[in-house]
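The values are calculated or read from the model by the stated rules, or taken from the named source; none is laboratory data. What you see is a predicted model, and the numbers here were worked out from it, not measured in a lab. Every residue, glycine among them, receives a Cβ derived from its backbone with ideal geometry; neighbour counts consider all protein chains shown.
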Amino acid sequence: MDLVRLIYTSTITEKFEVDDIARILKVARVKNKALNVTGLLSFNRQFFLQCLEGTRQDVNQIYHKIATDPRHKKPEIIDYQEIPHREFDGWNMGYLQNTESLRELFYQHTKSISFDPYNMNGESARSLLLDIRDEIKRAESQ
């Protein structure tokens, strides 16, 4: 089974409501589990940055559905490649709320007060998402 990783970003639209994040996560976790897709979603009240890992067919299917969601616009793939193993194994969709620690991670990876994932390359986006994963693990272990 060939695994791929897709990282994309998008911008919320006026149709997005604060409660949508919980609904998005709930649906994603169920659908991703059924397809054996793993990943992480980051959201800072303006942008989404998400990683999906799984088979090429399953990741493509999910991304095409995501890309047509009216709650966001300008979806842009930052990185798409075959991978030897999952980096978010066991996570049908990880998520870290927009906290001070998340804002610090955004700053560390972009060196800018205003986070704009459209300016990130694939490796910097992946590195940020891995640091978010590690922050979630730290928070869960406390």
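Overview of results
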item	result
Pairs with Cβ under 7 Å, 6+ apart, first in region 1-18 and on the phi < 0 side of the Ramachandran plot and modelled with pLDDT of 95 or more, second among the hydroxyl-bearing types (S, T, Y) and crowded, with 16+ Cβ neighbours inside 10 Å	V4/Y80; L6/Y63; L6/Y80; Y8/Y63
Members of region 120-142 found to be loosely packed, with under 12 Cβ neighbours inside 10 Å and of a type in the set (S, T, N, Q), listed by number	N121, S141, Q142
Yes/no for L41 being at pLDDT below 95, surrounded by 15 or more Cβ atoms within 10 Å (Cβ to Cβ), within 18 Å of I24 (Cα to Cα) and aliphatic (A, V, I, L, M)	yes
Every residue from region 38-96 that is farther than 17 Å from V4 by Cα, polar (S, T, N, Q) and in contact with a Lys or Arg (Cβ under 8 Å, 6 or more places away or on another chain)	N44
Selection within region 46-96 - in a loop (DSSP other than H, G, I, E, B) and exposed (fewer than 12 other Cβ atoms within 10 Å of the Cβ)	T68, P70, P84, H85, D89, G90
Breaking point among (1) of a type in the set (F, W, Y); (2) in contact with a Lys or Arg (Cβ under 9 Å, 6 or more places away or on another chain); (3) farther than 12 Å from S10 by Cα, for Y118	(3)
Candidates Q97, Q81 - the one that is closer than 28 Å to H64 by Cα and touching a strand residue (DSSP E or B) at 6+ places or on another chain (Cβ under 7 Å)	Q81
